[in-house]
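The values are calculated or read from the model by the stated rules, or taken from the named source; none is laboratory data. Quick caveat: nothing in here was measured; it's all calculated off a predicted structure. Here Cβ is always computed from backbone atoms with ideal geometry, including for glycine, and neighbour counts include all displayed protein chains.
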Amino acid sequence: MGDRIVFSIVVFIITFVPGLMGVFKPVLAYKTTATNTLKKTPSKSAIKRYKISSYISMIIGCVMIVLILLGYTDVG
């Protein structure tokens with residue numbers, strides 16, 4: 001059970017935390033990506049895309065955490 005908890009925490013940090021950042025601070029998420037390092041403000045459509053992708057990242061993270069805690073994946 002301990003391995004599942006550790007693995008779910010890692011998945012939470014990798015998928016859910018950046019998703020939260022993209023939902024609440026999409027401009028910061030836009031500026032911290034490697035392809036958009038310029039100091040310009042993003043367009044409204046770019047902000048919308050980052051918010052949608054952040055929601056998808058959070059959903060994928062939640063599904064993975066539930067699957068890990070239920071034991072449907074083989075970690076080792």
Here the qualifying pairs (Cβ atoms under 9 Å; residues six or more apart or on different chains; first in segment 55-70 and at positive phi; second of a type in the set (Val, Ile, Thr) and outside any helix (DSSP H, G or I)) come out as none
By residue number, the members of segment 22-50 that are modelled with pLDDT of 85 or more, surrounded by fewer than 16 Cβ atoms within 10 Å (Cβ to Cβ) and part of a helix (DSSP H, G or I) are Phe24, Lys44, Ser45, Lys48, Arg49
Residues being in contact with a Phe, Trp or Tyr (Cβ under 9 Å, 6 or more places away or on another chain) and in contact (Cβ under 8 Å) with a residue 24 or more places away in the chain: count how many of those fall in segment 9-35.
5
